[in-house]
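Here is the structure we will look at.
The values are calculated or read from the model by the stated rules, or taken from the named source; none is laboratory data. This structure is a prediction, so every number in the text was calculated from the model and none was measured. Please note: Cβ atoms are built from the backbone with ideal geometry, for glycine as well, and neighbour counts cover all protein chains shown.
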Amino acid sequence: MSNFKYYKVEEDDELMIKVRKRVPYTEIIRLLLEGNEVFIPCNRKMAYYYKKKFEEKINFKEENTKDDVYIPVECYPAVYKNMDGYLFKISIIRQIVDILSERKQH
């Protein structure tokens with residue numbers, strides 16, 4: 001027997017379909033790259049998804065380049081204006097330390 005829950009919707013039942021909002025990735029990435037912190041009200045699963053999506057869009061790979069620098073997006077659980085969610089940011093200090101440590105290794 002499965003633990004998966006589902007329900008048959010009856011004809012007279014009240015049901016509201018939720019429309020998913022489009023995420024303005026370009027605007028959020030612009031804010032992050034300008035050094036701003038961005039709060040998004042979401043759960044842990046969606047925060048992980050957003051983080052990976054931001055990193056994917058920021059760190060696109062061009063062919064035949066050896067000097068790619070990976071820019072990680074940091075995210076932390078936070079409460080902003082009484083809303084639970086996650087704070088996203090790009091730490092410039094971390095970027096500088098990572099670049100310098102890579103140069104020392106070469």
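A compact table of results
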quantity: Count - residues of the stretch 1-51 that are assigned to a helix (DSSP H, G or I) and either over 14 Å from residue 86 (Cα atoms) or more than 28 Å from the chain's Cα centre (by Cα) (or both); calculated: 7
quantity: Single residue of the stretch 1-39 satisfying the filter (of a type in the set (Val, Ile, Thr) and touching a Leu at 6+ places or on another chain (Cβ under 8 Å)) that is surrounded by the most Cβ atoms within 10 Å (Cβ to Cβ); calculated: 38
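Table: residues versus (1) acidic (Asp, Glu); (2) more than 19 Å from residue 34 (Cβ to Cβ); (3) at pLDDT 95 or above.
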{"residue": "83", "(1), (2), (3)": "no, yes, no"}
{"residue": "91", "(1), (2), (3)": "no, no, no"}
{"residue": "98", "(1), (2), (3)": "yes, yes, no"}
{"residue": "103", "(1), (2), (3)": "no, yes, no"}
{"residue": "106", "(1), (2), (3)": "no, yes, no"}
